[in-house]
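For reference, the structure discussed in these notes is given below.
Here, each number is a calculation from the coordinates, and none is a lab measurement. The shown structure was predicted, so the numbers you read here are calculated from the model rather than taken from an experiment. Ideal geometry is used to build each Cβ from the backbone, glycine not excepted, and the neighbour counts take in all protein chains shown.
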Amino acid sequence: MQDSGAFRPDVAIVGGGVMGAAAAFWLTRMQPGLRVMVLEADPTHARAATALSVASIRQQFTNPVNVAISQFGLQVIRDFPAVVGSDGVGSLALRENGYLFLAGSAEAEAEMRRAAAMQRRMGAATEILDAAALAARFPWLALEGVRLGSFGPEGEGWFDNMGLLAGFRAAARARGAIWRRGRVVALEAAGGRVRGLRLGDGTRLSAGAVVLAAGTWAAGLLRSLGEDWPVEPRKRTVFLIDAPDARHPDAPLLVDHTGFYLRPEGRHWITATVPQHDPAADPEDFEPRLEEFEAVIWPRLYARAPEFAAVKVIRAWAGQYDFNTLDQNAIVGPHPAWPGLYVLSGFSGHGLQQAPAMGRGLAEVLLTGGYRTLDLSELGVERILAGRPFAEGAVV
Ligand SMILES: Cc1cc2nc3c(=O)[nH]c(=O)nc-3n(C[C@H](O)[C@H](O)[C@H](O)COP(=O)(O)OP(=O)(O)OC[C@H]3O[C@@H](n4cnc5c(N)ncnc54)[C@H](O)[C@@H]3O)c2cc1C
């Protein structure tokens with residue numbers, strides 16, 4: 001392979017979103033002197049999920065490994081400047097208002113009770129609230145059709161998404177990681193092993209290992225190796241709204257079974273729905289679906305909380321989930337068919353909170369050949385190649 005210059009990184013990371021930055025941070029922290037280069041096509045991150053995220057964290061997952069991943073994320077986010085230990089990295093302004101999931105069917109109720117018991121065994125504070133307890137705690141909610149709520153009163157909330165990315169990046173740079181602007185157009189292999197990559201301007205970079213952290217763009221790059229990858233962009237429109245009669249700054253993030261979520265954002269609110277028709281999105285399509293608010297969200301929101309009778313949409317934006325069509329769960333670790341290649345992919349709308357644990361796990365497996373702290377092997381590439389889902393039931 002023709003190298004672009006003398007510098008040959010030990011690890012080249014494709015994508016400088018939160019996953020790429022977290023991986024760079026943990027790699028350089030675990031092995032000082034390791035030569036890490038992050039290739040980022042768009043340093044403004046205008047279309048990166050990291051920047052367009054709703055930036056919330058919860059422990060209410062149905063898989064124990066996802067609970068443990070978020071618990072580690074929480075630890076890092078709560079104490080971020082001390083964890084990254086770098087000058088100029090600030091607090092991530094975590095607001096621990098909690099998450100409140102509502103259940104409207106017997107089936108959802110049973111699943112919620114099961115998941116809450118597992119979360120509590122793992123140290124989460126999840127409480128199951130019946131209709132009377134919900135009414136006492138959240139008197140502004142109309143509870144028609146609600147059987148039960150699952151509420152995490154602590155260890156859940158929202159935080160500064162770009163602060164997390166910027167802090168990991170600053171700390172990785174302070175330890176010698178290099179950020180280079182450039183679009184990777186292909187992964188390059190020789191002798192059955194990934195040995196580097198090619199950039200849009202034709203230059204080639206060889207590397208000891210390549211980490212694919214390219215968000216919704218990962219599948220295209222794996223195609224350059226002839227691999228199918230079950231991750232596709234799915235568009236999500238987020239609305240920032242003002243509701244002058246609904247002032248509940250301590251409200252949790254409400255996940256309503258009728259099909260929307262809502263949380264406070266300063267003196268306003270953020271809300272979104274999962275579209276009924278949810279095909280793979282055009283990767284260039286970041287046009288918000290404005291009709292979702294009037295047609296889907298507002299009637300349900302008003303039915304749940306009459307204080308939202310008067311609402312003004314202040315702003316709307318669209319982001320894309322890197323949606324894992326097999327099981328809506330993360331895909332992390334070495335690619336068994338391609339030595340030298342490691343992936344961080346398929347986060348399906350819950351990757352921001354997972355970045356601390358994903359970056360650490362990836363660094364462990366890359367540097368030592370195995371997981372040393374939290375075992376992420378259930379989320380490995382093997383299940384993808386075998387078509388064997390490891391499903392997460394609580395996907396928002
Ligand atoms: C609307 C929305 C709401 C969300 N809400 C939450 C939430 O509340 N909580 C939560 O935990 N998660 C949430 N998520 C998910 C979370 O934001 C993502 O899982 C996470 O940010 C993924 O990070 P990433 O680094 O993998 O991808 P990205 O942030 O998309 O970064 C990928 C980077 O790779 C670069 N890149 C891509 N291709 C190439 C290439 N070929 N060459 C060089 N660079 C390349 C891109 O420019 C980009 O900067 C949400 C996502 C969306 C869209």
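Using the 2.2 N^0.38 Å rule of thumb for compact globular proteins, work out how the stretch 69-117 stacks up: its C-alpha Rg over that value, please.
Computed over Cα atoms of the stretch 69-117, the ratio equals 1.72.
Taking the 0 to 90 degree range and rounding to the nearest ten, how far is the long axis of helix 18-30 tilted relative to the main principal axis of the chain, both from C-alpha atoms?
Value to nearest ten degrees: 60.
How tilted is helix 64-78 with respect to the longest principal axis of the chain? Cα atoms for both, answer in degrees (0 to 90, nearest 10).
So the inclination is approximately 90 degrees.
Dividing the convex hull volume of the Cα atoms of the stretch 69-162 by its residue count, what figure in Å³ per residue is obtained?
113 Å³
Sort 344-352, 55-63, 366-374, 76-84 for me by packing, meaning the mean count of neighbouring Cβ atoms within 10 Å per residue, highest on top.
Descending packing order for the listed peptides: 344-352, 55-63, 76-84, 366-374.
Multiply the residue gap between F7 and A133 by 0.36 nm, knock off their C-alpha separation, and tell me the result in nm, one decimal place.
39.2 nm
With a cut-off of 8 Å between alpha carbons and a minimum separation of six or more residues, what is the relative contact order of the chain in percent? Please report the intermediate quantities before stating the final value.
Values: 899 pairs, mean separation 88.7, N = 396.
Reported as a whole number, the value is 22 percent.
How large are Rg and Dmax for the chain when only the alpha carbon atoms are used, in Å?
21.2, 69
If you average 1/r across every pair of different Cα atoms in the stretch 235-372 and take the reciprocal, what Kirkwood value do you get, in Å?
About 17.3 Å, per the Kirkwood formula over Cα pairs.
Using helices alone, what [θ] at 222 nm do you get for the chain, with -39,500 (n - 2.57) per DSSP H run of 4 or more residues, divided over all residues and rounded to the nearest 500?
-8000 deg cm²/dmol
Which ³J(HN,Hα) values, rounded to whole Hz and listed in residue order, are derived for the stretch 180-192 from phi using the Karplus coefficients 6.51, -1.76 and 1.60 in 6.51 cos²θ - 1.76 cosθ + 1.60 with θ = phi - 60°, glycine and proline given as x?
10, 7, x, 9, 7, 10, 7, 8, 10, 10, 8, x, x
Among 329-335, 146-152, what's the highest-first ranking by average C-beta atoms within 10 angstrom per residue? If you can, show how the numbers build up before the last one.
Values: 329-335: 25.1, 146-152: 22.3.
Going from most to least packed, we get 329-335, 146-152.
If each residue of separation counts as 0.36 nm, what is the full-extension length gain between R204 and D228 once their alpha-carbon separation is subtracted?
6.3 nm
What residue among E227, E378, E144 has the largest mean-square fluctuation in a Gaussian network model of the chain, using Cα springs under 10 Å?
E144
Suppose each label sits 7 Å from its Cα in the direction of the beta carbon; what would the W140-Y302 distance come out to in nanometres?
Simple spin-label model gives 1.8 nm for this pair.
For the Cα atoms of the chain, what angle does the longest principal axis make with the long axis of helix 161-174, in degrees from 0 to 90, nearest 10?
Approximately 30 degrees, to the nearest ten.
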